[in-house]
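For reference, the structure discussed in these notes is given below.
The values are calculated or read from the model by the stated rules, or taken from the named source; none is laboratory data. All values derive from a computational prediction rather than experimental measurement. Cβ sites come from the backbone with ideal geometry, for glycine too, and all protein chains shown count toward neighbours.
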Amino acid sequence: MKGVVLLGNGKLEVREFPDPIPGPQEVVVRVKTAAICGSDIHMYHAPRSSSTGRDLIAGHEPAGIVESVGPGVTLVKPGDRVSVYHYIGCAKCKNCLSGFWQWCPETKGLGAHVHGADAEFVLVKEQNCHVLPDELSFVDGSFIACAAGTTYSALMKLQPNGATTIAIIGLGPVGLCGVAMSKAMGARVVAVGRRKIRLDLAKELGADDVVDATDPGARSELRNILPEGADLVYETSGAPEAHQLMLAILKPGGKACVVAGRSPEPTITVGALIGRQLTIMGSFVLPIWMVPQLATFIVRHKISFEKIVTHRFSIDQAKEAFELFDSGECGKVVFEF
Ligand SMILES: [Zn+2]
Ligand SMILES: [Zn+2]
């Protein structure tokens, strides 16, 4: 089978690998869609000396069809349409048993520690496979695997609702999921981004107000839109200036959730939280127990993530796909098989 290997320094290769064979409790999924993530872009650009990701197939956002199952598998069968959870835990430790496979001391991330999903097949444990409801597409399944999953877990911490205004900073696919899902939860949504294509997508997904952060008048526009400040902020960009904006637009007693941070230096000071009694929470992907709940939420609110996908590529076009996603002039970029 073919798989994408990220070499660092902005280089990649499509290589031939042997097709995986499932062992006990393992499943091979024939990948139908695999989406590119912001975290893949970090590996794509990592210095060439870095060992992370080298000689491994990249990618951790797959959905597909169960191709074959190993001995003892009872949760799925060949032919099932599945979304694939991208951390493989030991399934025995306290963290795994409470559904937080991303915190397992032995956890293995697809594309980071074991072969990932930008390939024709991916090998995982049976528990990593969540059967997709008929209403959901493979693209929806790929979003559940990471972008929508990260967002759902963060929004469960923030609890947006019909009485709250949420500002979403950063309109990459994760932020765009935030727009669609916060609207479904009933909140008023103010979307803040830097690229026209993504601001337009936010509007299309139902954002009540859209603010271009590159506009010199953005701060005063936000003051007009949010005279009392935002109840909630979902910060997805990781940019230091976005963390500053987050603090500036929260109202007293406001809550924010951050899912990205690129700066090795502190971007906020603890003192800034005290006077206005602000709460800042971190969130990291989603626990595996939340996956079925998220799928039900998407079906119930008739959310489709297809709109966020602006470009679809074959695996042979991996170079083009990564270059485009790296440019930011797009929504979500997916490989289709
Ligand atoms: Zn991801
Ligand atoms: Zn474990």
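If I ask for residues that are within 16 Å of ligand 1 (Cβ to nearest atom), part of a loop (DSSP other than H, G, I, E, B) and either aromatic (F, W, Y) or not assigned by TED's automatic domain parsing to the domain that holds P133 (or both), which ones from the range 77-110 would you list?
Y85
Can you name the number of the only condition in (1) more than 22 Å from D209 (Cβ to Cβ); (2) in the same structural domain as I168 (by TED's automatic domain parsing) that F322 fails?
Against the list (1) more than 22 Å from D209 (Cβ to Cβ); (2) in the same structural domain as I168 (by TED's automatic domain parsing), F322 comes up short only on (2).
Mind checking which helices (runs of 4 or more DSSP H) fall wholly inside the range 257-337 and carry at least 1 residues that are within 30 Å of Q127 (Cα to Cα)?
Counting at least 1 such residues, we get 291-300, 318-327.
Restricting to the range 193-237, name every residue that is crowded, with 18+ Cβ neighbours inside 10 Å, touching a residue at least 24 places away in the same chain (Cβ under 8 Å) and touching a Lys or Arg at 6+ places or on another chain (Cβ under 9 Å).
Selection gives L201, L205, A207, A213, L226, G229, A230, D231, L232, V233, S237.
If only one of A321, A260, A239, A272 is of a type in the set (G, A, S) and in contact with a His (Cβ under 9 Å, 6 or more places away or on another chain), which one is it?
Checking each option against the conditions leaves just A321.
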